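Read-outs: derived from the displayed coordinates by stated rules, not from any lab. No experiment lies behind these values; they were computed from the predicted model shown. Note: ideal-geometry Cβ built from the backbone for every residue, glycine included; neighbour counts use all protein chains shown.
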Amino acid sequence: RPTLSPVPPLPGLLTSVGFSLLAFLATIYLVPALGPTFVKANLKGRDLLKTYDTPIPESQGLVCASVYILCLILFIPFAFSDALFPPVDAGKPQDGISVLEFPHHQLSMYLSSILSILMATMLGFLDDVFDIRWRHKLPIPIVASIPLLMVYFAEQGNTSIAVPRPVRFILGNLINLGPLYYLYMSLLSTFTTNSINILAGLNGVEASQALIIAISVALNDVLYLPFPLNFHLPLHLLGNRAEIEFGGTWSAGMAYGSKELVERHLFSLYFMLPMVGVCAGFLYHNWYPARAFPGDTLCYFTGMAFAVVGIQGHFSKTLALFFAPQIFNFVLSCPQLFGLMPNPRHRVPRLDPRTNLLHPSHTPFPHPPSKLSTLVLHTLSLLGLTQLTLHPKSGMIMEATNLTILNALLVRLGPMREERLVRVVVAVQVAGSVVAFVIRYGLAGMVYDG
Ligand code: UD1
Ligand code: MG
């Protein structure tokens, strides 16, 4: 069996749990305390799905991002405490070489991650203040991911993917994607930063997506840690299936329990635990009826943090599984994002003030839709994802419900109250994570072997 990491990673982990609790408490306290300051700085929004007009502090994701980044920075000495305070016998030279060397590569991983998250926070905040057009802000996360990709390269990060068993006789066991793999990783950061932002507009919906994804990633990380008493979680029982990242970047021999694997998942935990802390703290104020709005800042910095751990921890495909609802919402949104259908400033559902129920919101077509748009929209309508209003005589599409998962849920399940729809979205996200674990640790083993 592979050797386990000699030192159980508990001290760093416990400190990280402590910081996450602090992050939780700081967010709970600071969000309402700073609310009036945000409103005074004109960072406020109207809750579109309420009958009242009280200005709600907007962009308070900035508070979360500041607390989060501060925690990550204060935690640096603890993450490297082994190197700073080596055990008494660890640094003794063996054959003239010092055994203990400072883990520079890990430090560069850590620092480049913070740099990317900071850039995403800045982009998010600028977007809140200036409402940047989305085609202008799309390339920025690609630039923000360059430090990550460089560190990935410096570490001789793998760029091969394992080929599923049924097609191996054509393609061989591994395909090296080379530069394409880097392109994939930089697009991943663009996707994770924008995809939470376009599944938005209900109280609590952005923060709960981030919270559930952070918890899912953290649970996945815990599966790889060696615990005292050699207690292993069920992964151990799955034998060598655990050795391959879904899609197989680790098939080239990284054994379960190996030092690198433990370090990568520990690194990811250090980023995810405080994320759970700030998101949970923020959600307390952002839950229906919201007293604070996250703004694009929260969507961007959380999205970038997920891309960071997926890339640096080498589990970007597992991460993509946790984003299943966001992928669905993005694919469904494509006709609106890419001009096949008009895209209004807000696509949130419509409130009926008399009944307090949410209905799918509609967007009218100022011009007759093209043949392609008509085909796409009729297909989506057949799938029950949109509702079309047709011209009674010509049958031409006059309007369609906006193409988001929120409107699609209302089309399928009928009108409901805002707090109920948020719970449905939360349930979908949790169900998505459960399915992700089943695919990752159950099905992946059938198509990819260890
Ligand atoms: C994205 C969506 C947009 C959606 C908006 C809602 C796309 C391409 N863009 O735009 O369709 O309408 O998010 O956030 O899909 N708000 C509420 N209740 C909430 C949260 C936000 O009413 O619980 C409203 C407030 O007026 C707030 C505003 O949404 O001020 C914030 O919108 P913003 O994040 O700037 O919108 P985008 O991210 O550009
Ligand atoms: Mg937004």
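So the values come out like this:
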quantity	calculated
From phi via Karplus (6.51, -1.76, 1.60), per-residue ³J(HN,Hα) for region 277-282 in Hz, x at Gly/Pro	x, 5, 5, 5, x, 5
Listed pairs LYS371/LYS393; LYS50/LYS137; LYS317/LYS371 exceeding 24 Å between Cα atoms	LYS50/LYS137; LYS317/LYS371
Among LEU390, LEU149, LEU187: highest mean-square fluctuation, GNM of the chain, C-alpha pairs under 10 Å	LEU390
Relative contact order (%) - the chain, alpha-carbon pairs under 8 angstrom, separation at least six	22 percent
Sequence of ILE117, ILE327 once ranked by neighbouring C-beta atoms within 10 Å, starting from the fewest	ILE327, ILE117
Long-range amide H partners of LEU357 with built H, under 5 Å	ASP352
Computed E for VAL438/VAL167 - FRET, C-beta separation, R0 25 angstrom, nearest 0.05	0.65
Where labels lie 7 Å past Cα in the beta-carbon direction, separation of ASN343 and LEU372 in nm	1.5 nm
Least to most buried among ARG165, ARG417, ARG350, ARG135 (fewest other Cβ within 10 Å first)	ARG135, ARG165, ARG417, ARG350
Sites HIS391 and TYR29 - FRET efficiency at Förster radius 45 Å, r taken between beta-carbons, to 0.05	0.20
Rounded to whole Hz, the Karplus (6.51, -1.76, 1.60) HN-Hα couplings of region 417-431, x for glycine and proline	6, 4, 5, 6, 4, 4, 5, 4, 4, 4, 5, 4, 5, 5, 4
Degrees separating the helix 295-312 axis from the principal Cα axis of the chain, which is the longest one	40 degrees
Cα-projected label distance for VAL331 with ARG412, points at 7 Å along beta-carbon direction, nm	1.3 nm
Spacing of the two label points (7 Å from each Cα toward its C-beta) at ILE132 and THR37, in nm	2.4 nm
For the chain, projected area of the alpha-carbon convex hull averaged over all directions, nm²	25.0 nm²
Per-peptide average of other Cβ atoms within 10 Å, ordering 58-66, 190-198, 265-273 highest first	58-66, 265-273, 190-198
Helix axis angle, 205-222 relative to the chain longest principal axis, alpha carbon, degrees	20 degrees
